[in-house]
Structures are given as structure tokens and as C-alpha cells.
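The values are calculated or read from the model by the stated rules, or taken from the named source; none is laboratory data. These numbers come from a predicted model, not from an experiment. Note that we place each Cβ from the backbone using ideal geometry, even for glycine, and neighbour counts take in every protein chain shown. These area figures cover heavy atoms from the full protein model, side chains too; ligands, DNA and RNA do not enter into them. Shrake-Rupley method; radii C 1.70, N 1.55, O 1.52, S 1.80 Å.
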Amino acid sequence: SANGALQKSKTLNFMESNLQFLFDPTNYEKLKTPDQKKFEAQNTEILLAFEDYVYDAFKMYHTTIFPLFKRGEMDKMLPAVTMSSFIKRNFIRNHPINCREATNQRFRLITDSGEHVYVKKLDDKKRPSNIETHNNNLIIYQVTDRTDEKRPNVFFGYTANEDYTKITGVYAVCIKGEQLMWVTNIAQLRNSLGGIVTTTNKLSDTKLKD
């Protein structure tokens, strides 16, 4: 019945919203978080490419999506969703090997040094915007419930002002629960390397698994 379905929906929402109180990371196997300097050295190209993709996505959003809406008409999630789609497109086209585990349900990269990378908008504390779920908690707390899953997790993310008129930073972030293990400012990394220009192997017809 409709009432039964509504009650089930409320129950599921309540359970999801309270997972943070139910989740105990000590019940799972710990993953070893990567060293920041080694991660930067082994993944320089894809880090610099990500910064390029953020600004490319920002440009595409403002030239193709933003002009379609009058003030007050746009859903507040649309800029982040649009940015994510353009960034995802560039990774799929230019880094198909790194996208080999990506699916339509969860987009993630595998770095050359073996980490899983998730692309997210970051808040002002450099933390990813995530809904509280069991799988997200496994990622955030750097633990695993699978014997065949040993890759640690890193986030590629950006920050923007509230109305998305400016990108305020592009980062790689390693998090372990509430602790921010390290943050790489990719613009500073690029400057320290003398402004390296990235090269990519393009493959425009790559498709994701369902």
C-alpha cells in the first residue's frame, strides 16, 4: 500500500541518516594510506591533468549550461553535477586505463601507484561532499570489508565559491575518518615543477561498465 511504502521509505532514510552512529571502523581491515610525496611523484601527470579538467569543466558549465537559466531557476546541485560530468568525460576520453574499474553507478580511477581515486566537490575544510552510506564510510575511514579489495583511497576535488563564479582551489586529499591526512594543492605542485604541460593518450569511444 501507499502508506506501507511511505513508512518503508522513512525507515530507510532514518537508517541512512544514522549510519554514522552505527558504523564502527574497528570492525574492518585497515588500508595503508599513501605517502603524500610518493603519491605526487608517481601520479604527477594525472594530477596536473585533473586541474586542467576542472577549469575546462568550469568553462563548459558557464558557456553551455549557465546561460540557459534565469536567476533563481537553477537547482543548486546542477553546477556540481555538471562539473562532475565534464570532468568524468575528460578522464574517460584521455585516461581509459585509469578508468578501467569505473562503472555508471560509481566513477572511480585507479592511479599508476595503485590507489582508488574519487572525484568530488570539496567543502571549505577540504572534505568531500558525501551522503552517509556504508560504502562511503568504508572509503572515508580507509577500511575494507573485502579480501580482494586492498587499494587505499584518495579524493581529487575542487572548491568553488557559493554561486560558482570562481574556482578557489584544486586538490588531492587523503582522509582517514575525521582526520585529514594530507592535502596537495595542485596549482602549487605545478608551479614547483615549472609549469609542466600534461600529455594524454586520447581514446574517445571508451564506454563504462554498467
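Odds and ends about this structure:
- List 31, 22, ordered by accessible area with a 1.4 Å probe, largest first: 22, 31
- When you restrict to C-alpha pairs under 8 Å that are six or more residues apart and normalise by the size of the stretch 28-170, the relative contact order lands at 28 percent.
- Put 71, 93 in order of accessible area, highest first, and with a 1.4 Å probe you get 71, 93.
- Solvent accessible area, Å² - residue 30, 1.4 Å probe, full protein context: 150 Å²
- Listed residues 178, 73, 162 arranged by accessible area, highest first, probe 1.4 Å: 162, 178, 73
- Summary of packing: across the peptides 125-131, 43-49, the per-residue average of other C-beta atoms within 10 Å ranks them, highest first, as 43-49, 125-131.
- Dmax and Rg, reported as Rg then Dmax, of the stretch 90-202 (C-alpha, Å): 14.9, 44
- The stretch 122-162, accessible surface, carbon-and-sulfur percent (1.4 angstrom probe): 47 percent
- Accessible surface area normalised per residue over the stretch 30-86 is 63 Å², counting heavy atoms of protein chains with a 1.4 Å rolling probe.
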